[in-house]
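Reviewing the structure listed below.
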DNA sequence: TAGTGTGAATGCCTTCACAGCT
DNA sequence: AGCTGTGAAGGCATTCACACTA
């Protein structure tokens, strides 16, 4: 939606080789839709069909894909396998990215268990939390490390992507330490605007805000009567 | 970000009394920032200060607030309490919205426990899942209902907002049933584009896609060398 | 004929710059 | 003097329409 409009915004992101931000944000959706709909059985797909599966307009899909170079055949459609490979390479789903999760509360635990990461090339390699109750326990086969060892954990795993699922108050301090250790991409679930240096990408996911946006529309419906 | 742009976009949303979608998406952030920074002690805030706390530009903040009518004083700033009240009313945070969560896996459980909903006027009033193992158990003080009773649950609670934390395959069917019972706002965590009638708002939160967008930028950094 | 690729046009959002209050 | 409110300008993103190709 909106997208974006969307909330969940990038910071410090440079214009990126001619691919507009809005397009980048949709590529994962296309990739996912391709995998979900056409597991080896369909060989060609039209822009109309794929667009519907991804929830966008056909012309938008075509324009987006044209940014990656052209992988369709006029009069026919797109070669599914080839297109999927191409998008995968571009969004890095072909590689495997180690990810560190900081904050092992309810949300952090859910993310550690989230099945949608693995097929997209992400592997959760470490969990970090300050709570003595949690440190040392095992979650999804990973031992929770103490927050004081954050630097060591990041160094050992070589992670450049981190997920922040801490309370809002702790987020900035943790982010600073992550960036200092070489993390350059942060997915932030805390409801704070993080300040990071140029070149570090942050995406914010504010679950409360998402619901609030829906409530706004509901509120408007109420007022209309 | 991209916000919005962004994935997570509204569907069926009408132009809304002159308030643009992009502004609506930021209002909850302003509301949250006001609450976090100024708990009763500061009476006036400038657009510059609030904008920094919310992670936007001062001019954007001013333009956004001007959509709500004018609650600032030239040469002085915004009356914190008054502004907060005004935004709260507009986004419906002054009311209390009952919310039904469908899908009580790791994510659904985390959402049921999420502390960020209550202060924004949301109360989780029901949990629904098809699994015989879960039905009847208690999560955060709520007994999990069977998916077959979905219609009854929605009717009894009077919820118009629902959260979908089901697998992708089940999402559309559940959405259809929710809409049929009068739900008009859906927060969708399943990685599927939902088809809903005019007048129903859907916001999609795709956690895997969020990470994938970050991976795209990392991939680009790698290729640059 | 069917469906991609893409300039052109439209519309939306953001940024700028300054007029207007206090 | 300081800071909001807002028209105007500029930049993106989306949509349209059609040339082009298999």
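Might you check whether a residue that is facing chain B (nearest Cβ under 7 Å) and part of a helix (DSSP H, G or I) occurs anywhere in the range A:194-202? The answer is no, given that none of the residues of the range A:194-202 is facing chain B (nearest Cβ under 7 Å) and part of a helix (DSSP H, G or I).
The residues of the range A:30-53 that are more than 10 Å from DNA strand C (Cβ to nearest atom) and surrounded by fewer than 19 Cβ atoms within 10 Å (Cβ to Cβ), listed by number, are A:35, A:36, A:37, A:39, A:40, A:41, A:42, A:43, A:52. State whether one or more residues within the range B:91-98 are away from chain A (no Cβ under 13 Å), at pLDDT below 95 and away from DNA strand C (no atom under 14 Å from the Cβ). For the range B:91-98, residues away from chain A (no Cβ under 13 Å), at pLDDT below 95 and away from DNA strand C (no atom under 14 Å from the Cβ): absent. Residues in the range B:56-72 that are more than 6 Å from DNA strand D (Cβ to nearest atom) and exposed (fewer than 14 other Cβ atoms within 10 Å of the Cβ): B:57, B:69. Residue pairs whose Cβ atoms lie under 7 Å apart, sitting 6 or more positions apart in sequence or on different chains, and linking a residue in the range B:140-152 that is within 18 Å of residue B:182 (Cβ to Cβ) to a partner that is at pLDDT below 95 and surrounded by fewer than 15 Cβ atoms within 10 Å (Cβ to Cβ), do not occur here. Does residue A:30 satisfy the criteria of being modelled with pLDDT of 95 or more and part of a strand (DSSP E or B)? Considered against the rule, which asks whether it is modelled with pLDDT of 95 or more and part of a strand (DSSP E or B), residue A:30 comes out as no. Within the range B:38-52, the set of residues being assigned to a helix (DSSP H, G or I) and closer than 17 Å to residue B:71 by Cβ comprises B:47, B:48, B:49, B:50, B:51.
The requirement of being surrounded by 14 or more Cβ atoms within 10 Å (Cβ to Cβ), touching a strand residue (DSSP E or B) at 6+ places or on another chain (Cβ under 7 Å), farther than 30 Å from residue B:189 by Cβ and at pLDDT below 95 is not satisfied by residue B:77.
Just one residue in the set A:12, A:18 is within 26 Å of residue B:24 (Cα to Cα), at pLDDT below 95 and not in a helix (DSSP H, G or I); that residue is A:12.
Pairing residues of the range A:116-136 that are without any contact (Cβ under 8 Å) to a residue 40 or more places away in the chain and facing another protein chain (nearest Cβ under 8 Å) with residues that are crowded, with 18+ Cβ neighbours inside 10 Å and part of a loop (DSSP other than H, G, I, E, B), at Cβ distances under 9 Å and at least 6 apart in sequence or on separate chains, gives A:116/B:191; A:116/B:206; A:121/A:92; A:121/A:93; A:122/A:93; A:122/A:116.
Does residue A:179 fit the bill of being under 23 Å from residue B:222 (Cα atoms) and away from chain B (no Cβ under 11 Å)? Yes: the conditions hold for residue A:179. Answer yes if at least one residue in the range B:36-49 is at pLDDT 95 or above, closer than 30 Å to residue B:202 by Cβ, more than 8 Å from DNA strand D (Cβ to nearest atom) and within 12 Å of another protein chain (Cβ to nearest Cβ), and no otherwise. Among the residues of the range B:36-49, not one is at pLDDT 95 or above, closer than 30 Å to residue B:202 by Cβ, more than 8 Å from DNA strand D (Cβ to nearest atom) and within 12 Å of another protein chain (Cβ to nearest Cβ), which makes the answer no. Per the listing B:56, B:24, the residue uniquely within 14 Å of chain A (Cβ to nearest Cβ), outside any loop (DSSP other than H, G, I, E, B) and either more than 11 Å from DNA strand C (Cβ to nearest atom) or in contact with a helix residue (DSSP H, G or I) (Cβ under 7 Å, 6 or more places away or on another chain) (or both) is B:24.
The values are calculated or read from the model by the stated rules, or taken from the named source; none is laboratory data. Bear in mind that the values here come from a model prediction, so they are computed numbers and not experimental data. Don't worry about glycine lacking a Cβ; one is built from the backbone with ideal geometry, like all the others, and counts go over all protein chains shown.
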